[in-house]
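So the structure is just underneath, and the comments pick up after that.
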Amino acid sequence: MDPKRRRSSDLILLPGARTGRDPARSIKPGPRRLPAGVVAATQRERLLDGLVRTVAEHGYQHATVSDICSAAGVTRPVFYELFSGKEDAFLAAHRHGTGVVIRRMAAAFAAESDWCTGIRQALGAMLQLLAGTPSFATMAVIEIEAVGPAGRRERDQLLTRFRAFFAEVPQLPGGVEVQEMVDAVVGGVYSAVYRRISSGRTDQLPDLLPVLAMFCLAPFLGPAEAAARLGSRIGEDPSCTCIDPANTEQ
């Protein structure tokens, strides 16, 4: 199906993509009030949007629960019915949003017939998503460090999920451990994305795709071979490792 023809309900947005106070998401009182479960889910979504935008604007340390509630149009008592505190809400927004990113990457990856094309498409999906929701990119990539040990654990778990996209890489010569190289590549990709966001150039993230694709392929194929793959119709080259779709499930 043409992506432009997809129904809006088919698209899962990143937290921060909408304003919490969007009138279309208001909950109207009265005898025809929505079921309690629907109300709670809507309020939770609005709070996640409010948190992402507030943290992106003020920083995690300076964002208050009152600020988040104000941005979401939700009261403090409701906030504490849904979250134990600011850290709990931050981690919930981070998990939900990064889950969306990973699933989009996995879908782009699995849609291709070989690893070379798949990794490039997955990177492209990630960069486009983050560029399209700069408040989430700032909150999830930059402000995660301010959360402390819980934030660092969350980031480490995210990077572990990224490693799944390298499950089919070729073996390396000279006794070099593949897992060590994968860890270095994943860390390098994260660092490049971090630098682009922290310098206020989140909208330019898609421009990183050629260099990140080369960075991911070159350690396993060699620079010349990686350049050839990226400069040709990669999917038609049988020497790139085929993808096992089972290894891309998240």
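None of the figures in this text is laboratory data; all of them are computed from the coordinates on show. This structure is a prediction, so every number in the text was calculated from the model and none was measured. Backbone-built Cβ (ideal geometry, glycine too); neighbour counts: all protein chains shown.
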Let me see the pair-distance distribution of segment 94-150: every alpha carbon pair, 5 Å bin width, integer percents in order. 4, 20, 24, 20, 15, 10, 6, 2, 0
Output for segment 128-187: GluC sites (Glu not before Pro) sitting in coil per DSSP, at most 11 other Cβ within 10 Å, listed by number, reads E177
Tally Lys/Arg at +1 and Asp/Glu at -1 over every other residue whose Cβ is under 12 Å from the Cβ of P149; what's the total? -1
14 Å beta-carbon shell around Y60, net charge (K/R +1, D/E -1): -3
Counting only residues 5 or more apart in sequence or on a different chain, those whose built amide H sits under 5 Å from that of D114 are I243
Along the Cα-to-C-beta direction of L13, a point sits 7 Å from the Cα; which residues of segment 114-134 have their amide N less than 12 Å from that point? 133
In nm, spacing of pseudo-spin labels at A184 and D203 (7 Å Cα→C-beta vector): 3.7
